[in-house]
1. Starting from the alpha-carbon convex hull of region 317-432, give the projected area averaged over all orientations, in nm².
2. Ranked highest first by average number of other Cβ atoms within 10 Å, how do 293-301, 393-401, 32-40 line up?
3. Straight-line reach from LYS129: which lysines fall under 19 Å, measuring Cα to Cα and dropping same-chain residues less than 8 apart?
4. In µm²/s, what is D for region 144-194 at 25 °C and 0.890 mPa s, where D = kT/(6 pi eta Rh) by Stokes-Einstein and Rh is the Kirkwood radius from Cα pairs?
5. Roughly how many Å is it from the Cα centre of region 132-149 to that of region 63-121, as a whole number?
6. Measure out, as a whole number of angstrom, how far apart the alpha-carbon centroids of region 176-226 and region 351-386 sit.
7. Can you tell me what share of the DSSP beta bridges in the chain is antiparallel? A percent to the nearest 5 is fine.
8. Figure the gain on full extension for GLN417 and ARG78 (residue separation times 0.36 nm, minus the Cα-Cα span) and round it to one decimal in nm.
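Rule-based calculations on the coordinates, nothing more; no lab input. Keep in mind that what you see is a predicted model, and the values were worked out from it rather than measured. FYI the Cβ positions are ideal-geometry reconstructions off the backbone, even for glycines, and counts take in every protein chain you see.
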Amino acid sequence: MSHAHGPATPVSSRSGNALKGRIRVPGDKSISHRSMIFGLLSIGETRVEGLLEGDDVLRTAEACRTLGATITREAPGRWRVKGVGIGGLAEPENLLDFGNAGTGSRLMMGVAGSHPITTTFDGDASLRKRPMRRILDPLVKMGVTVVSEAEGGRVPLTLRGPKETLPITYETPAASAQIKSAILLAGLNSPGRTTVIEREATRDHTERMLRHFGATVEVVPHGPEGRAITLQGQPELRGTDIVVPTDPSSAAFPLVAALITPGSDVLIEGVMMNPLRTGLITTLLEMGASIERLNERDEGGETVADLRVRHSRLSGVTVPHGRAPAMIDEYPILAVAASFAEGTTRMQGLHELRVKESDRLAAVAAGLAEAGVDHEIQGDDLIVHGSSTVRGGGRPVATHLDHRIAMSFLVMGLATQEPMTVDDGAMIMTSFPSFIPLMRELGATIQDLSRP
Ligand code: S3P
């Protein structure tokens, strides 16, 4: 089990150089997890290019191996998965340890739970705090037995799948692509039609990949912002080729770094522009950011663009709650941008942030307090009163095993008057292992304090 990790590795950043140059961030985390999972559930071979080799995805790959897939790494980012097909999973002898990975664990609960096998899921101290009832409730309706669970519906938990999984129609209680995806993945091993209704559209990578692998999926509008997604169960998924586009949630860090660091001019290549992922860019443009979308093209079924980002004077805006699904992972780094903006930025309806890798609302507020940024939490809204000069300094920001809290405050330190330190940079490995080297390539001063 990985509920503890090695000694904390504090990291600090300081202002200095303008950021200049051209970088490419790693592959998208959501699509990388799904590449392994769809590979497992297919007949034949899936070839993946550009896989994110972060800890979270490696855990999912390991889980897929344990359940019967043959997975090989041929070169950096180039992987092959030989699947066992829907219905063909092997019962694991040991528990599946997902480390820090919410997406991997929740999606795999839908996959393994819909097979007549017994599977135990566990993870690190962060994952052990995250709510799993939102996944277990629909799975139970599909006939899955929750053999055991930690208090409050958390991991470690054990699922036993039924002989035949029942198709359901289910309206998700939260705007969550993970809930939607767990149900659709379970629906793959069920006869008949499984429908997920979401009141607000969330990232659609599962739907797109289901089709890419040969399943029949219908998507129709539901209400003003929502969708109803229907999957025809028990298709034969066939192994195929996947090119993983780069992760807009990782690009967000160098992007905001360039916006707040005077003199910067950075090109971030090939960033995925799926409209259900670009809420941060929409918001930053409203704030007056200089971001140019260049050379738009199709890569692996998604639109990608090169983003030219220059240091900008930003102004505060109100970010409506309805935009949250399209930028759910970007609020910590938006709070950093807002700290340097003139005026007030109000981010509305952030309740889902409380159940991420950490309570991100609390963790962001605590980091802003250390940096001397004037802010408030009102209900589920975060309000940041920005200023073109931010003091920085303070005690090390507590990252609570959350990669995005670590990267956000390291970006902040590139433009504060005093350096910023985060208590532990180790979790950056879960989603963006090359974050520090890439930022240094652009000229950033970031120092790992655990190394002499
Ligand atoms: C993800 C969905 C989001 C997001 C996470 C990745 C996915 O979580 O925060 O980083 O790949 O489906 P929720 O579905 O809980 O909002």
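1. Directional mean of the projected Cα hull area for region 317-432 stands at 6.3 nm².
2. 32-40, 393-401, 293-301
3. LYS129 reaches LYS356.
4. The Stokes-Einstein estimate is 200 µm²/s.
5. Taking the Cα centre of region 63-121 as reference, the centre of region 132-149 is 18 Å away.
6. Using only Cα atoms to place each centre, the spacing works out to 31 Å.
7. 75
8. Full-extension gain reported as 117.8 nm.
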